[in-house]
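Step one of this worksheet: look at the structure below.
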Amino acid sequence: MNQLNSLILEGNITREPEFRETPHGCKVCKIPLAVNRYYKNNEGVGVEEVSYFNIEAFGKIAEYCQTHSEKGRGMRVVGRLKQDRWKTADGKNTSSISIIAEHIEFKPLLEKKINSRNELNDVAAATTAAANEYERDSENQEAEEALF
């Protein structure tokens, strides 16, 4: 039987990501991610729980992150857990767990790109106009095909 090591996280980037390149030329991006969880305790009181994770992306995914990630932006990560183990200078065994990204999606930056309700309405109107134009073109094409 194969063993499974897979997870999905969705949260917000808490600090500016760190980018570097290994001596062998592999690009690496480290992204700190905060994931919020809301639930009600036994007394029915709402509780917010925040967990912080270190995401590591390599290669093409790291390049994608370099152009799209910034502090505060929401993102979804599909990845796997990786445990690093080492001995400290005094001989004590220690370890750290990180998440290796296998797929990353960033949430849209609507708040920054659309600053007012009027601009949002303009976008909606333009989308509707484009859909109507496409519909008219389809109807015209059907009418022309019916003539022949």
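The values are calculated or read from the model by the stated rules, or taken from the named source; none is laboratory data. As the structure is a computational prediction, the values presented were derived from the model and not from experiment. Virtual Cβ from ideal backbone geometry, glycine too; neighbours counted across all protein chains shown. Areas reflect the complete protein model, heavy atoms only, side chains present, ligands, DNA and RNA absent. Shrake-Rupley method; radii C 1.70, N 1.55, O 1.52, S 1.80 Å.
Residues in the range 47-91 that are under 13 Å from residue 10 (Cα atoms) and aliphatic (A, V, I, L, M) were compared, and the one that is nearest to the chain's Cα centre (by Cα) is 75. Is it the case that residue 72 is surrounded by 10 or more Cβ atoms within 10 Å (Cβ to Cβ) and in a strand (DSSP E or B)? The answer is no for residue 72. Which of the residues spanning the range 42-54 are polar (S, T, N, Q) and assigned to a strand (DSSP E or B)? Passing the criteria: 51, 54.
Mind listing whichever residues of the range 75-92 are out of contact with any Asp or Glu (no Cβ under 9 Å at 6 or more places or on another chain) and in a strand (DSSP E or B)? Across the range 75-92, the qualifying residues are 81, 83, 84, 85, 86, 87. Would you check which residues across the range 1-12 are in contact with a strand residue (DSSP E or B) (Cβ under 8 Å, 6 or more places away or on another chain) and open to solvent by 100 Å² or more (accessible area, probe 1.4 Å) and list them? Matches in the range 1-12: 8 only. Condition check for residue 55 on (1) open to solvent by 40 Å² or more (accessible area, probe 1.4 Å); (2) in contact with a Leu (Cβ under 7 Å, 6 or more places away or on another chain); (3) among the β-branched types (Val, Ile, Thr): one failure, at (1). When 137, 122, 90 are checked against the criterion of being acidic (Asp, Glu) and either modelled with pLDDT of 90 or more or open to solvent by less than 60 Å² (accessible area, probe 1.4 Å) (or both), 90 stands alone in meeting it. In the range 13-50, the qualifying residues are those that are without any contact (Cβ under 8 Å) to a residue 24 or more places away in the chain and hydroxyl-bearing (Ser, Thr, Tyr), and the one that is least open to solvent (accessible area, probe 1.4 Å) is 22.
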